[in-house]
Amino acid sequence: MKNYKPIAAILFCTILFSCGDNSEEKELTTSPTETEKTIDGTKVDQEIQAPKPKKDTHVKVSKTEDKLIGEIWKLPEVQALSDKIERESKGKRHLVGRVSSEPSDDQEYYGISIAEDNGEALATYFEFRIYPDNSIYYYDVVEDQELTLKEWRARK
């Protein structure tokens with residue numbers, strides 16, 4: 001009866017480690033499947049590619065939001081920064097646009113953020129506001145100030 005403690009400890013550790021963190025799991029892709037095809041009466045193995053699974057996103061963007069983000073992507077400053085990040089990271093990092101706020105009772109604009117997806121987090125470079133009349137303003141987070149694009153470009 002004295003040997004039950006080491007056995008219980010080993011069993012407990014085994015159970016504990018088998019229930020470990022699954023964060024290291026990789027996304028599995030479907031592999032090609034093989035089928036048989038008959039050519040001139042002879043069975044031939046033929047490799048058929050399975051359709052690639054669609055990547056599902058957790059954020060659904062409306063047509064309006066997609067259009068607003070598209071307007072921000074047209075700005076030369078955003079284009080230049082995007083090209084620079086792509087070039088310097090050799091295509092590993094990218095800019096992304098996202099709706100950071102929507103019109104509500106206390107604000108009438110859409111907030112659009114332009115950020116770098118560095119693989120671990122989003123690093124925001126630009127904050128813009130688009131009003132119902134389609135006017136675009138740059139929001140200076142440090143100064144807590146809204147600037148027209150003309151004012152913003154003059155300050156750079």
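Measuring from label point to label point, each 7 Å out along Cα→Cβ, what is the Tyr125 to Glu146 span in nm?
Computed distance between label sites Tyr125 and Glu146 equals 2.4 nm.
Relative to the Cα centre, what is the charge dipole magnitude of segment 63-150, using +1 at the beta carbon of each Lys and Arg, -1 at the beta carbon of each Asp and Glu, and rounding to the nearest 20 debye?
Once rounded to the nearest 20, the dipole reads 620 debye.
Give the long-range amide H neighbours of Asn118: residues separated by 5 or more places, or on another chain, with amide H under 5 Å away, using H modelled in the peptide plane at 1.01 Å from N.
The list, which skips near neighbours in sequence, is Ala123.
Taken together, the values in this text are just the output of simple stated rules run on the coordinates, not laboratory data. Just so it is clear, the model here is predicted, and its values are computed rather than measured. Here the Cβ is made from the backbone with ideal geometry for all residues, glycine too, and neighbour counts use every protein chain on show.
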